[in-house]
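This report refers to the structure that appears directly beneath it.
The values are calculated or read from the model by the stated rules, or taken from the named source; none is laboratory data. Keep in mind it's a predicted model, so treat the numbers as computed, not measured. No Cβ is skipped: glycine too gets one built from the backbone with ideal geometry, and neighbour counts run over all protein chains shown.
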Amino acid sequence: MASGNSTGAIALQLFSLDSKNPIYEYYQEGIALSKTDGVNKMYGDSIVRIDSISKLTTVYLLLIGAGDQSFSLPILDVVPELKGLDM
């Protein structure tokens with residue numbers, strides 16, 4: 001995040017299954033954060049909107065858990081309802 005010209009904020013917490021407390025925390029406020037109606041300072045218990053990175057993280061976890069073999073299947077094997085449709 002570039003210093004001095006950012007309007008967003010970053011909050012990152014990494015957890016272990018063995019602990020209730022984060023093993024790593026990082027917070028960075030943008031310059032416009034103090035001008036909003038929401039939080040003025042980022043903390044571990046701040047409530048903020050989750051950005052699109054959550055979708056990317058979900059796909060990464062799917063690939064780690066299930067592998068990428070399902071992405072090689074023809075779509076008609078996965079969604080047979082599409083057979084016979086004029087596309």
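Can you name the residue in the range 1-20 that is farther than 22 Å from Ser54 by Cβ and of a type outside the set (Ser, Thr, Tyr) and is also modelled with the lowest pLDDT among such residues?
Per the criteria, the residue is Ala2.
Please state which of the following conditions Ser52 fails to meet, knowing it meets all the rest: (1) within 20 Å of the chain's Cα centre (by Cα); (2) modelled with pLDDT under 80; (3) surrounded by 10 or more Cβ atoms within 10 Å (Cβ to Cβ).
(3)
Can you run down the residue pairs with Cβ atoms below 9 Å, 6 or more apart or on separate chains, where the first is in the range 48-70 and assigned to a loop (DSSP other than H, G, I, E, B) and the partner is modelled with pLDDT of 80 or more and of a type in the set (Val, Ile, Thr)?
Nothing qualifies.
Out of the residues in the range 39-48 meeting the condition of being surrounded by 12 or more Cβ atoms within 10 Å (Cβ to Cβ) and more than 17 Å from the chain's Cα centre (by Cα), tell me which one is modelled with the lowest pLDDT.
Only one residue tops the list, namely Val39.
Does Gly30 satisfy the condition of being modelled with pLDDT of 70 or more, under 20 Å from the mean Cα position of the chain (by Cα) and assigned to a helix (DSSP H, G or I)?
Working: modelled with pLDDT of 70 or more: yes; under 20 Å from the mean Cα position of the chain (by Cα): yes; assigned to a helix (DSSP H, G or I): no.
Against the criterion (modelled with pLDDT of 70 or more, under 20 Å from the mean Cα position of the chain (by Cα) and assigned to a helix (DSSP H, G or I)), Gly30 does not qualify.
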